[in-house]
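Undergrad: Quick one: the structure is below, and I'll ask about it shortly.
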Amino acid sequence: MKTKIYKSLQKDDIEEIGKLLRCGEVIAIPTETVYGLGANGLKAEALAKIYEAKGRPSDNPLILHVSCSEEVVPLVKNVSKTAQRLMDAFWPGPLTITMPKSDNVPMKATGGLNTVAIRCPNHDICRQIIKAAGVPIAAPSANISGRPSPTTLSDVINDMDGKIAGIVDGGECKVGIESTVVEVGDNEVTILRPGAITEELLLTVVDKVHWDKAILGENVAPKAPGMKYKHYAPNAEMYTYVGEIELVSKAIEKDLINNKNKRFAIITSDETIKAIEENLVGVEHAYYYKLTYGSKNDLTSLAHNLYSLLLRCNELEIDTIIAEGVDNKGLGAAIMNRLNKASNHNIINL
Ligand code: TXA
Ligand code: MG
């Protein structure tokens, strides 16, 4: 299949993309979190094409994307007061809310569940496309299942060229990691997947925030079915070190010295790289790639860069990645959730 790349969008393009989506084609669209693989959320045949293009297990439900909160009404049995307050506070934005689904939503969208996950993205082009389509757009991240989610046009092209009807350029995704997914109770929520709408932010709207036990590491089935699958994995073996800059830099220096024949990459903060470089003056390493994500205190920059750094390691054919983790709070909780999975739970607290 020839995949059309839509760049520098004009009004006509938006109309064309909207129409193609409504008619059942799959088109990758930008959002503020990661690129999504969009299709008509009310059409089972269109949804089947998403699962096929991604190679995704069919019990893993999709998120429906709307252009404004009013569009939620026909998709759900009812909008609770708490859900409405969350939408008012965080939409458009990286918060996905699960609600009891109406009969309009096909089971194919929800992986057989009676709830549907919905969000309104904070990305102008994306919302214009949803509006032009006139239907909710189901969109999982636009990667092949299991791989890091795409945050740039070229990442999407690498995974999806030839498999779908089109890819829409929307620039780099600002946030860089997927939305927070919550289940809503009465004045409380449960986080099923952490993201940029953090526990602290949610607590400005509801009295209580719970965490799905599976995210906390308990051996139970996660409430978001997708969280049970292998995810975000680069091709390399990966380890995440967490600790003070001095301890992390010392541990990495040791690894670099002991692994001279490997294609080794380190993904750390500017501060840690600086410490390593100062200590390793004169030590040679044949395949030593350093990829920095910005200052250790700048979690926004880390989230923004994380997946593209992991994908860069695939391009560089790296054998081993050492990443520097962060404190497990605020946006750091979402980042550590992704690092934990990317490194196959190889988190080493120093
Ligand atoms: O930021 C995002 O959310 C991106 C962009 C494209 O919007 N989308 C995304 O979709 O990450 P996906 O399909 O890769 O992840 C959706 C997650 C999965 O873990 C899935 O299991 C969960 O949401 N989910 C979907 N519907 C659900 C439901 N009804 N109940 C519980 N979890 C649900
Ligand atoms: Mg995904």
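No lab work stands behind these numbers, since they all come straight from the coordinates. Just so it is clear, the structure is predicted and the values come from calculations on it, not from any experiment. Note that each Cβ is placed from the backbone with ideal geometry, even for glycine, and that neighbours are counted across all protein chains shown.
Undergrad: What does the stretch 286-350 give for Rg and for Dmax, in Å, if only its C-alpha atoms count?
TA: 11.8, 37
Undergrad: Give me the net charge for the shell around Ile63: Cβ to Cβ below 12 angstrom, other residues only, Lys and Arg +1, Asp and Glu -1.
TA: Working: positive: Arg119, Arg193; negative: Glu178.
Within the 12 Å Cβ shell, the charges total +1.
Undergrad: Using Cα-Cα distances under 8 Å and only pairs 6 or more residues apart, what relative contact order does the stretch 94-224 have, in percent?
TA: Values: 171 pairs, mean separation 27.8, N = 131.
The value is 21 percent.
Undergrad: Once the Cα gyration tensor of the stretch 9-167 is found, what semi-axes does its equivalent ellipsoid get, as square roots of 5 times the eigenvalues, in whole Å, sorted largest first?
TA: Numbers: eigenvalues 103, 61, 44 Å².
Over the Cα atoms of the stretch 9-167, the ellipsoid semi-axes are 23, 17, 15 Å.
Undergrad: To continue, here is another question. Please arrange Lys254, Lys131 by counting, for each residue, the other beta carbons lying within 10 Å of its beta carbon, fewest first.
TA: Details: Lys254 10, Lys131 14.
Exposure proxy ranking, most exposed first: Lys254, Lys131.
Undergrad: Just from its helices, what would the mean residue ellipticity at 222 nm be for the chain, if runs of 4 or more DSSP H residues each count -39500 (n - 2.57) and the sum is divided by every residue, rounded to the nearest 500 deg cm²/dmol? Please list the in-between numbers first.
TA: Numbers: 11 runs with 112 residues, N = 350.
Helix-only estimate at 222 nm: -9500 deg cm²/dmol.
Undergrad: Follow-up question, since we're still on this one. Let me check against my output: what whole-number percent is the relative contact order of the chain, with C-alpha pairs under 8 Å and at least 6 apart? Spell out each step's value before the answer.
TA: Numbers: 785 pairs, mean separation 66.5, N = 350.
Reported relative contact order: 19 percent.
Undergrad: Another question about this same structure. Any of Lys81/Lys223; Lys43/Lys213; Lys49/Lys101; Lys11/Lys54; Lys49/Lys228 with alpha carbons more than 25 Å apart? Name them for me.
TA: Working: Lys81/Lys223 22 Å; Lys43/Lys213 33 Å; Lys49/Lys101 22 Å; Lys11/Lys54 29 Å; Lys49/Lys228 22 Å.
With Cα atoms farther than 25 Å apart: Lys43/Lys213; Lys11/Lys54.
Undergrad: Got a sec to turn the phi values of the stretch 305-321 into Karplus ³J(HN,Hα) couplings, 6.51 cos²θ - 1.76 cosθ + 1.60 with θ = phi - 60°, whole Hz, x for Gly and Pro?
TA: Once rounded to whole Hz, the list reads 9, 3, 5, 5, 5, 5, 5, 4, 5, 5, 4, 7, 6, 6, 8, 9, 10.
Undergrad: From the phi of every residue in the stretch 266-276, what ³J(HN,Hα) in whole Hz does the Karplus formula 6.51 cos²θ - 1.76 cosθ + 1.60 yield, where θ is phi - 60° and glycine or proline is x?
TA: Couplings: 10, 10, 9, 6, 4, 5, 5, 4, 4, 4, 5 Hz.
Undergrad: Let me make sure I get this right: for the stretch 79-210, a, b and c are the square roots of the gyration tensor eigenvalues over alpha carbons, sorted descending. Under 1.5 in a/c it's rounded, otherwise prolate if a/b > b/c, else oblate. Which is it? Write down the numbers at each step before the final one.
TA: Working: a/c = 1.86, a/b = 1.52, b/c = 1.23.
It comes out prolate by the Cα gyration axes.
Undergrad: Over 34 Å, how big is the tail of the calculated P(r) for the chain, in percent of all Cα pairs? Don't skip to the answer; put the middle values down first.
TA: On the way: 15718 of 61075 pairs.
More than 34 Å apart: 26 percent of the Cα pairs in the chain.
Undergrad: Could you order the peptides 323-329, 135-141 from most to least packed, using the average number of other C-beta atoms within 10 Å per residue? Please list the in-between numbers first.
TA: Values: 323-329: 19.9, 135-141: 26.0.
Top of the packing list down: 135-141, 323-329.
Undergrad: A further question follows. Apply the Kirkwood formula to the stretch 106-162: the hydrodynamic radius equals the inverse of the mean of 1/r over all pairs of different alpha-carbon atoms; give it in Å with one decimal.
TA: On the way: mean 1/r = 0.0746 Å⁻¹.
About 13.4 Å, per the Kirkwood formula over Cα pairs.
Undergrad: Right, another one. Let me know the whole percent of all Cα-Cα pairs from the stretch 193-249 that are separated by more than 19 Å.
TA: Values: 892 of 1596 pairs.
Looking at the stretch 193-249, the distances longer than 19 Å represent 56 percent of pairs.
Undergrad: Based on the mean of other beta carbon atoms within 10 Å per residue, what is the order of 103-111, 17-25, most packed first? Provide the component values of the computation, followed by the final result.
TA: Numbers: 103-111: 17.6, 17-25: 19.2.
For the peptides 103-111, 17-25, the packing ranking is 17-25, 103-111.
Undergrad: In whole Hz, what ³J(HN,Hα) sequence does the stretch 197-206 give by Karplus (6.51, -1.76, 1.60; θ = phi - 60°), x for Gly and Pro?
TA: After applying 6.51 cos²θ - 1.76 cosθ + 1.60, I find 8, 7, 3, 4, 5, 4, 5, 7, 10, 10 Hz.
Undergrad: Which order do Leu302, Leu280 fall in if you start with the one that has the fewest other Cβ atoms within 10 Å? Walk me through the intermediate numbers first.
TA: Details: Leu302 27, Leu280 16.
The most exposed by this proxy come first: Leu280, Leu302.
Undergrad: Compute the distance from the alpha-carbon center of the stretch 79-122 to that of the stretch 182-245, in whole Å.
TA: Cα centroid of the stretch 79-122 versus Cα centroid of the stretch 182-245: 17 Å apart.
Undergrad: With angles folded into 0 to 90 degrees, how steeply does helix 44-54 sit against the dominant principal axis of the chain? Use alpha carbons for both and round to 10.
TA: Roughly 10 degrees between the two axes.
Undergrad: At each listed q (0.16, 0.18 Å⁻¹), what is the log10 of I(q)/I(0) that the Debye formula gives for the stretch 229-346 modelled as equal alpha-carbon point scatterers?
TA: Cα-only, vacuum Debye calculation for the stretch 229-346: -0.68, -0.88.
Undergrad: Order 335-344, 238-247, 75-84 from most to least packed using the mean count of other Cβ atoms within 10 Å. If you can, show how the numbers build up before the last one.
TA: Values: 335-344: 21.4, 238-247: 17.9, 75-84: 16.2.
Ranking the peptides 335-344, 238-247, 75-84 by packing returns 335-344, 238-247, 75-84.
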